[in-house]
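Structure first, then comments.
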Amino acid sequence: MTNRHGRNWIWPARRYAIYARDGHRCLYCGKGRGDPDVSHLTIDHLIARDAGGGNASANLVTACDRCNSRRQHKTLRAWLADLATTGVDVDAVRRRIRRARRAKVDLAMGRRLVANQRQTKCEARALASWPIDSPVDGAPS
Ligand SMILES: [Zn+2]
């Protein structure tokens, strides 16, 4: 049994396919990885599971960690009202959500992204294990 409340409730390929569908940006604030306030992207349920929302792709959107934790258990309506008070263009958010719900989730793309990410991590680990001051190709030190 996977942990429903951890990151493992959704297959990595599907998670990344949804990120790709949403342009790797938070559908609420429009920010992506690399923006100063965003440390990572998450998947948010438009209608919470507790409120009867399922795990169908049309109920799942990309959200930055900041928006996801700020939303907490608010309904979508309450959350959009909350966003509006911070100057976010909520009509634009509604349009992004509508577009995302209609768009196709490309699982093959998700699998490619997962594979790329694993490779990048692997290369980063290999580089980190290299002693920086070791001579390269037996060059004299
Ligand atoms: Zn956000």
Peptides 116-124, 66-74, 18-26 ordered by average Cβ neighbours within 10 Å, highest first: 18-26, 66-74, 116-124
Crossing angle, helix 107-128 versus the chain [Cα axis fit, 0-90 degrees, rounded to tens]: 40 degrees
Taking segment 36-83 and dividing mean pair separation by its residue count, relative contact order in percent (alpha carbons under 8 Å, at least six apart): 39 percent
For segment 49-112, the fraction of alpha-carbon pairs in successive 10 Å shells from zero, as %: 17, 49, 28, 5
Principal-axis tilt of helix 12-21 within the chain, Cα atoms, nearest 10 degrees: 60 degrees
Residues whose placed amide H lies under 5 Å from that of Ala48, excluding near-sequence neighbours: Gly53
Degrees separating the helix 90-102 axis from the principal Cα axis of the chain, which is the longest one: 70 degrees
Computed E for Ser129/Asn55 - FRET, C-beta separation, R0 35 angstrom, nearest 0.05: 0.40
Charge dipole (debye, nearest 20) of the chain; +1 at Cβ of Lys and Arg, -1 at Cβ of Asp and Glu: 840 debye
Mean separation of Cα contacts under 8 Å, 6 or more apart, over the residue count of the chain: relative contact order %: 30 percent
Cα-based equivalent ellipsoid of the chain: semi-axis lengths in Å, sorted from largest, via gyration tensor: 36, 18, 14
Overall Cα dimensions of segment 1-81, principal axis frame, Å, largest first: 34, 31, 20
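Throughout, read-outs are computed from the coordinates displayed, never taken from laboratory work. Just so we're clear, the structure is a prediction, and the values are computed from it rather than from any experiment. Note that we place each Cβ from the backbone using ideal geometry, even for glycine, and neighbour counts take in every protein chain shown.
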